[in-house]
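So the structure is just underneath, and the comments pick up after that.
The values are calculated or read from the model by the stated rules, or taken from the named source; none is laboratory data. Computed from a predicted model, the values in this text were never measured in an experiment. All Cβ positions, even for glycine, are placed from backbone atoms using ideal geometry, and neighbour counts span all protein chains on display.
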Amino acid sequence: MNFRNRIIPVLALVIGLAMSGGRSFAQSDPASEPAVVAVGKVLPAVVNINTERIVRRTYQDPRDQLFNQFFGGPMRPPRELRQKVQSLGSGFLVDPAGYIVTNEHVVERAADLKIQVTLSDGKTYDARYISGDPAADLAFIKIEGKTPFPFINLNDLSPNLLGQTALALGNPMGYGISVSRGILSATNRTITMEETEFKNLIQTDAAINPGNSGGPIIDLSGKLVGVSSVKMAFTPQGVPTQGLGFGIPAATVRDKVVEFMRAARGEKNATAKTAPVSPVKALFGLQLQELTRDLTEVLGYEPGRGVLIADVVEGGPAAGAGLKRGLVIYKVGNYEVNSCREIDTLLAKAAPGTTADFAVGIIRRAGRHIVEQVQTVQLTAREAD
């Protein structure tokens, strides 16, 4: 083929493209993009979650404390203060009856917990807590409606292939539903955040920010990849990171929902595998909660120390010793404790009849001074329920 024969087809192609306005190279209609279609398919099932809980704490005037110390008071009984603590998160419907999956840390159980759910159409519903698994950081809540709700099908999950597109939907910073895009970076990750170890997580570089927790991560066909859980902003050594977001795999979510549904139907022992009772609750009658930075600020406690008593089991050893909700455990035996896991580890081999010393009370800052009201209480383990 000579030069002329080669150049004529090329010229014809250029002329044809010019006459068509270059549409062959132009972007297709955005409405038909796979990511847009996938988001439109899933978005009606994504919800914003707003929780409100009442934190109670005991307060005593410093002058009364001084009177008690020197005159064997009390001059006036301590007052119980109540303060609202709010948090935002995300979730998604997994059943037309109104069942919603989110993170346990978004709707962690507490006294007077209120949960409100807002759908993508702006409608708001009151929700109730059904079940949860703190170890898996998954929770199950429910809203009621007159018509079936849109939902994400957990019977048809994403294959979760490395490098596939990952779209994270959620409610970052409380601004409302938004979408971020990345890839599935890794699977089967284990990370430790604030003394809590999470295993078998997926990793993505799609932006996950505060408020995204509990929202779905989907692929380009709209199938569930996982649930947004945590973002690592710094390594344990304090080195800043980028593009390190983690989620709970879709297969784990599906299996937990099966168990949560059993709990919703009232089946006995439905959650026995998902939420094993810790030894400190079973044997000593104490329900504990991590004393996070937000809680220490709200309560006015000394930060970075101790584990909060979230509830006391009626009739248990702790209740018999006079321990109350809102106090803090600072030591078990001779060991300082700063997480629920540390206490569970120390008491893992405890048996009925075992005695343990708990340093319990409140350490708070009063201006430049630290006020300590801590005493050692000995508890004897009872028979587990």
Here the qualifying pairs (Cβ atoms under 9 Å; residues six or more apart or on different chains; first in the range 175-203 and in the same structural domain as Ser90 (by TED's automatic domain parsing) and at pLDDT below 90; second surrounded by 13 or more Cβ atoms within 10 Å (Cβ to Cβ) and polar (S, T, N, Q)) come out as none
Out of the residues in the range 121-139 that are among the small types (Gly, Ala, Ser) and over 27 Å from Thr192 (Cβ atoms), state the one that is modelled with the highest pLDDT.
Ala127
Looking at Ala348, Ala321, Ala356, which one is touching a residue at least 24 places away in the same chain (Cβ under 8 Å) and more than 11 Å from Phe284 (Cβ to Cβ)?
Ala348
Kindly provide the set of residues from the range 330-351 that are of a type outside the set (Gly, Ala, Ser) and in contact with a helix residue (DSSP H, G or I) (Cβ under 7 Å, 6 or more places away or on another chain), ordered by number.
Val332, Tyr335, Val337, Ile343, Asp344, Leu347
Sole miss for Gly247 among (1) part of a loop (DSSP other than H, G, I, E, B); (2) within 30 Å of Gly176 (Cβ to Cβ); (3) modelled with pLDDT of 80 or more is condition (1)
Among strands (runs of 3 or more DSSP E) lying entirely in the range 301-384, which contain 1 or more residues that are at positive phi?
355-366
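Which of the residues spanning the range 176-230 are among the basic types (Lys, Arg) and more than 25 Å from Thr118 (Cβ to Cβ)?
Filtering the range 176-230 for residues among the basic types (Lys, Arg) gives 181, 189, 199, 223.
Correct list: Arg189, Lys199.
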Subset of the range 282-300 [in a helix (DSSP H, G or I) and in contact (Cβ under 8 Å) with a residue 12 or more places away in the chain]:
Ala282, Leu283, Phe284, Asp294, Leu295, Val298, Leu299
Enumeration of residues in the range 120-142 that are over 19 Å from the mean Cα position of the chain (by Cα) and buried (at least 16 other Cβ atoms within 10 Å of the Cβ)
Ser120, Tyr125
So which pairs qualify, if the first residue must be in the range 102-127 and on the phi > 0 side of the Ramachandran plot and not assigned by TED's automatic domain parsing to the domain that holds Gly214, the second must be in a strand (DSSP E or B) and modelled with pLDDT under 90, the Cβ gap must be under 7 Å, and the two must be at least 6 apart or on different chains?
Asp112/Arg53; Asp112/Ile54
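Restricting attention to the range 140-174, and to residues there that are of a type in the set (Val, Ile, Thr) and not in a loop (DSSP other than H, G, I, E, B), which single residue is modelled with the lowest pLDDT?
Of the residues in the range 140-174, the ones of a type in the set (Val, Ile, Thr) are 141, 143, 147, 152, 165.
Next cut, not in a loop (DSSP other than H, G, I, E, B) only: 141, 165.
On the way: Ile141: 93, Thr165: 96.
Selected residue: Ile141.
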The range 204-226 - residue that is modelled with pLDDT under 95 and β-branched (Val, Ile, Thr) and, of those, surrounded by the most Cβ atoms within 10 Å (Cβ to Cβ):
Thr204
